[in-house]
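Heads up, the thing below is written out as structure tokens.
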Amino acid sequence: MTCASDRHEGGCFCGAVRYRVDGPINSVGHCHCNSCRRSAGAAFVTWFTVERERLAWTAGVPRQYASSPGVTREFCAACGTELAYSNEQAARTIDITIGSLDCAAGHPADRHIWTADKLEWLHLDEHLPAYEGWSTDG
Ligand SMILES: [Zn+2]
Ligand SMILES: [Zn+2]
């Protein structure tokens with residue numbers, strides 16, 4: 001469990017897959033899209049976005065799944081934890097699940113995205129900016 005302002009670590013539930021992110025974390029969003037909900041089996045998924053070169057897998061190799069055209073999701077093949085999301089339309093960056101981060105508590109979400117798909121019974125953090133689709137600033 002190592003997190004500093006410029007270096008963060010995380011991994012899957014069983015520990016087989018681990019990663020390190022260099023630099024700050026400053027883009028954290030709750031995604032309410034149908035694909036995130038179904039792929040995680042959760043009401044929504046919270047992601048942080050970093051430039052691809054700032055992520056290094058430090059243990060294990062995540063399995064990949066093409067969840068829709070141009071989109072790849074990565075998860076631990078042993079325990080199933082969803083870890084990463086890549087979209088060809090934003091090839092410079094990668095999204096990582098905040099729940100897999102060792103220091104998730106220190107990085108609150110700053111937005112909701114894809115609220116057009118949000119479950120109607122879900123109400124939380126409604127003071128945050130909300131976007132029906134992608135947010136404009138990544
Ligand atoms: Zn695992
Ligand atoms: Zn999503």
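The values are calculated or read from the model by the stated rules, or taken from the named source; none is laboratory data. As the structure is a prediction and not an experimental result, all values here were calculated from the model. Cβ coordinates were reconstructed from backbone atoms using ideal geometry, including for glycine residues, and neighbour counts include every protein chain displayed.
For residues in the stretch 12-39 being buried (at least 19 other Cβ atoms within 10 Å of the Cβ) and within 16 Å of ligand 1 (Cβ to nearest atom), which is farthest from GLY133 (Cα to Cα)?
VAL17
Do we find that ALA59 is of a type in the set (A, V, I, L, M, F, W, C), within 16 Å of ligand 2 (Cβ to nearest atom) and surrounded by fewer than 16 Cβ atoms within 10 Å (Cβ to Cβ) in this structure? Write out each step before concluding.
Values: of a type in the set (A, V, I, L, M, F, W, C): yes; within 16 Å of ligand 2 (Cβ to nearest atom): no; surrounded by fewer than 16 Cβ atoms within 10 Å (Cβ to Cβ): yes.
Answer is no for this residue.
Has the stretch 124-138 got any residue that is out of contact with any strand residue (DSSP E or B) (no Cβ under 8 Å at 6 or more places or on another chain) and either farther than 23 Å from ASN26 by Cα or not in a loop (DSSP other than H, G, I, E, B) (or both)?
The answer is no, given that none of the residues of the stretch 124-138 is out of contact with any strand residue (DSSP E or B) (no Cβ under 8 Å at 6 or more places or on another chain) and either farther than 23 Å from ASN26 by Cα or not in a loop (DSSP other than H, G, I, E, B) (or both).
What's the number of the only condition in (1) under 27 Å from LEU124 (Cα atoms); (2) surrounded by 13 or more Cβ atoms within 10 Å (Cβ to Cβ); (3) not basic (Lys, Arg) that PRO108 fails to meet?
(2)
Going by what's in this entry, would VAL17 be described as away from ligand 2 (no atom under 16 Å from the Cβ) and aliphatic (A, V, I, L, M)? If you could, list the steps in order and put the result at the bottom.
Values: away from ligand 2 (no atom under 16 Å from the Cβ): yes; aliphatic (A, V, I, L, M): yes.
So VAL17 passes the test.
Report, ordered by the first and then the second residue, all pairs with beta carbons closer than 9 Å, sequence separation of six or more or different chains, a first member in the stretch 100-119 that is acidic (Asp, Glu) and more than 15 Å from ligand 2 (Cβ to nearest atom), and a second member that is assigned to a strand (DSSP E or B) and modelled with pLDDT under 95.
Close Cβ pairs (under 9 Å, with a partner that is assigned to a strand (DSSP E or B) and modelled with pLDDT under 95) amount to ASP102/CYS3.
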